[in-house]
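Input: a single structure, listed below in structure tokens.
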Amino acid sequence: MVITNAKIFTCDNDRIIENGYVEYHNGKITALGSGKYNGDDETFDAEGQMLFPGFIDAHCHIGMFEEGICFEGDDGNEMTDPCTPQIRAIDAINPMDIAFNDAISYGITTVVTGPGSSNPIAGQIVAMKTYGKIIDKMIIKTPVAIKFALGENPKKTYDSKDETPSTRMAITSIIREQLIKAQKYAKDIEKAKNEENDMPDYDAKCEALLPLLNREIKAHFHIHRADDICTAIRISKEFNLDTVLIHCTEGHILADELAEEKYPIVVGPIISTRSKPELKNVSRENYAKLKRAGNIVAINTDFPEVPIEMLAMSVAICGKYCDYSLNELIKSITCDAAKIVGIYDRVGSITVGKDADLILFKNSPLELLEKPTKVIINGKFVDN
């Protein structure tokens, strides 16, 4: 199939093709160019519409907290143990949840979803497509990250149980202790291999953290307050973690300092009230101030905190506080999001060799609740 006669926002090195085509076979992009397509493949005339790579929500909980079901569909927080790196999002996600249809309807073709923020170490996050019936066939990478949470959420979860942690000190202590255990576990495994000693007893928590310590996957830190942001950076430096700062609500207070640290950031939810104490300094200028300081920033919904279909609207709101072009703003939910979460080899731009996840818009996707006219995931037109 070839999409022809489209204005192509490739999100690859700022390249925009005013009138071009994109060819794809077997779910992968095989060619793109400007002007008229002269090949023999079946074509779809975009009639001058704008073509973008599929949108990416870089942090949400879709499929973990199902729509309209309450406890039966609430599988995002395992609140019986504050340290659960071994639990996996893929064992909880229901791809049949109606929220996936909502995501597709608004051009979101990839999501990064996983456990909530009740535990200091919450579990394993997955990057996946939004179209499909079987989670195993929708996966881009699993795990793509381990979820950590600092601040108010784990504090109030376990204080209400009269259990540890009830302070920020204890939250950090639990994280540090488990990472040290995993380091020792890794050393014991290596020692057993080299000296033919007995392997250490299997430890599911430590096993789950080995890819993290080897920087094969990322650490996603749920943080809002400036002091918690600094704690996340402190832990990341101590254990040499490949860290992403999630939410980063008070990031605007530390914008210049964060640019020096060079940790990527995912901001949001943007459409939110000051619903708890650590959100008192929320600012819709957060994205703009972080970007101007030189940070790489993506935008998320944090679904179900904000409806998944509000992703592009969140970008539009952020755009009101800066003078960035449509092309630059869209990067926050395409190439920059993919780079931040570590899946840019598969998605995030219209590039030869990448997945054929494409969306067509007649009008700007940043207009109020604008829907794409066509959504293509893995080279297949899907119902939107």
(message) Given the whole protein assembly as supplied and a 1.4 Å probe, what does the accessible area of PHE303 come to in Å², nearest 10?
(response) 10
(message) Along the Cα→Cβ direction, 7 angstrom out, place labels at SER173 and GLU190. What is the inter-label distance in nm?
(response) 2.9
(request) Diagonalise the Cα gyration tensor of the stretch 244-384 and give the resulting equivalent ellipsoid semi-axes, square root of 5 times each eigenvalue, largest first, whole Å. (result) 26, 18, 13
(message) For the pair ALA204/ASP136, report the inter-label distance in nm, with labels modelled 7 Å from Cα in the Cβ direction.
(response) 1.9
(message) Solvent-accessible area of HIS252, probe 1.4 Å, all protein chains present, reported in Å² to the nearest ten, please.
(response) 40
(message) Under the rule of at least 5 residues apart or a separate chain, name every residue whose amide H is placed under 5 Å from the amide H of ALA298.
(response) ILE265, VAL266, VAL267
(message) Angle check, please: helix 226-239 long axis (alpha carbons) against the longest principal axis of the chain (alpha carbons), in degrees 0 to 90, nearest 10.
(response) 80
(message) If you consider only alpha-carbon coordinates, what radius of gyration and Dmax does the stretch 137-252 have, in Å?
(response) 16.0, 52
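Could you give the length gained by full extension between MET96 and GLU47, i.e. 0.36 nm per residue of separation minus their alpha carbon distance, to one decimal place? Show your work: numbers first, answer last.
On the way: separation 49, 0.36 × 49 = 17.64 nm, distance 3.31 nm.
Once the chain is fully extended between MET96 and GLU47, it gains 14.3 nm.
Using the crude model of +1 on Lys and Arg Cβ and -1 on Asp and Glu Cβ, and no other charge, please compute the dipole size for the chain relative to its Cα centre, in debye to 20. List each step's numbers first, then the result.
Values: 43 positive and 58 negative charges, 154 e Å.
My answer is approximately 740 debye.
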(message) Check which residues have an amide H placed less than 5 Å from HIS25's amide H, if you skip close sequence neighbours.
(response) THR30
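May I ask you to rank LYS380, LYS155, LYS276, LYS320 by accessible area, largest first, using a 1.4 Å probe over the protein chains only?
Result of the area sort, largest leading: LYS320, LYS380, LYS155, LYS276.
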(request) Compare ILE229, ILE56, ILE134 in a GNM of the chain, Cα atoms joined below 10 Å, and give the one with the largest fluctuation. (result) ILE134
(request) Quantify, in whole percent, the carbon and sulfur part of the accessible surface of the stretch 277-342 (1.4 Å probe; protein heavy atoms only). (result) 47
(request) Any chance you could get the radius of gyration and Dmax over the Cα atoms of the stretch 260-313, in Å? (result) 11.8, 33
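Nearest 5 is fine: what % of DSSP beta bridges in the chain come out antiparallel, could you say?
Taking every DSSP beta bridge with both residues in the chain, the antiparallel ones total about 55 percent.
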(request) Compute all pairwise cysteine Cβ distances in the chain, then list the cysteines with no distance under 4.7 Å to another cysteine. (result) CYS60, CYS70, CYS83, CYS206, CYS230, CYS248, CYS318, CYS322
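When the accessible area of the stretch 1-142 is split by element with a 1.4 Å probe, what percent falls to carbon and sulfur?
Working: 2600 of 5840 Å².
Whole-percent figure for carbon plus sulfur exposure: 44.
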(message) I'd like the Karplus ³J(HN,Hα) series for the stretch 314-322: coefficients 6.51, -1.76, 1.60, θ = phi - 60°, whole numbers in Hz, and an x wherever there's a Gly or Pro.
(response) 4, 5, 4, 5, 4, x, 5, 10, 8
(request) Convert 10 °C to kelvin, take the viscosity as 1.306 mPa s, use the Kirkwood radius over C-alpha pairs of the stretch 71-224 as Rh, and evaluate the Stokes-Einstein diffusion coefficient in µm²/s, rounded to a whole number. (result) 95
(request) Could you tell me, in Å, what Rg and Dmax come out for the Cα atoms of the chain? (result) 21.2, 70
(request) Provide the percentage of antiparallel DSSP beta bridges, counting only those with both residues in the stretch 226-377; round to the nearest 5. (result) 35
(request) Quick one: net charge around GLN124, please, counting Lys, Arg +1 and Asp, Glu -1 for every other residue with C-beta under 14 Å from its C-beta. (result) 0
(message) Please enumerate, by chain and number, the lysines with C-alpha under 23 Å from the C-alpha of LYS7, excluding those fewer than 8 residues away in the same chain.
(response) LYS28, LYS36, LYS331, LYS354, LYS362, LYS371, LYS374, LYS380
(message) Between GLU328 and PHE381, what's the calculated FRET efficiency when r is the beta-carbon distance and R0 is 22 Å? Round to 0.05.
(response) 0.20
(request) Work out from phi, with θ = phi - 60° and the Karplus expression 6.51 cos²θ - 1.76 cosθ + 1.60, the ³J(HN,Hα) of each residue of the stretch 290-301, listed in order in whole Hz, and give x for Gly and Pro. (result) 5, 5, 4, 6, x, 7, 8, 9, 10, 10, 10, 9
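Tally Lys and Arg at +1 and Asp and Glu at -1 over the other residues with C-beta under 10 Å from the C-beta of ALA338: what net charge comes out?
On the way: positive: LYS331, LYS339, ARG346, LYS354; negative: ASP336, ASP345.
That sum, taken over residues with Cβ under 10 Å, equals +2.
For the stretch 1-82, give the share of DSSP beta bridges that are antiparallel, in percent and rounded to the nearest 5; count only bridges with both residues there.
Counting DSSP beta bridges with both partners in the stretch 1-82, the antiparallel share is about 70 percent.
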(request) Name the residue, out of ALA58, ALA170, ALA192, whose mean-square fluctuation peaks in a Gaussian network model built on the chain with Cα pairs under 10 Å. (result) ALA192
(message) Between GLU370, GLU278, GLU195, where does the largest GNM mean-square fluctuation fall for the chain, given springs only between Cα atoms within less than 10 Å?
(response) GLU195
(message) If I model a spin label at ASN19 and LYS362 as a point 7 Å from the Cα along the Cα→Cβ vector, what separation in nanometres do I get?
(response) 2.1
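Please compute the per residue accessible area over the chain with all protein chains in place, 1.4 Å probe, rounded to a whole number of Å².
Working: 16330 Å² over 384 residues.
Computed with neighbouring chains in place, this is 43 Å² per residue.
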(request) Report, in degrees rounded to the nearest 10, the 0 to 90 angle that the Cα long axis of helix 204-213 makes with the longest principal axis of the chain. (result) 60
(request) Hey, can you grab everything whose amide H is under 5 Å from the amide H of ILE140? Only 5+ residues off in sequence or another chain; H modelled, so Pro and N-termini drop out. (result) ALA127, MET128, LYS129
(message) Just to verify a number: what accessible area does ARG88 come out at with the full protein assembly present, 1.4 Å probe, Å² rounded to tens?
(response) 110
(message) What whole-number distance in Å separates the alpha-carbon centres of the stretch 181-199 and the stretch 312-377?
(response) 45
(message) To test your reading of the geometry: what angle, between 0 and 90 degrees and rounded to tens, separates the Cα axis of helix 168-195 from the longest principal axis of the chain?
(response) 90
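The values are calculated or read from the model by the stated rules, or taken from the named source; none is laboratory data. Computed from a predicted structure; not experimentally measured. Positions of Cβ are generated from backbone atoms using ideal geometry, with glycine treated the same way; all protein chains shown enter the neighbour counts. Accessible surface areas use protein heavy atoms only, side chains included; no ligands, DNA or RNA. Shrake-Rupley method; radii C 1.70, N 1.55, O 1.52, S 1.80 Å.
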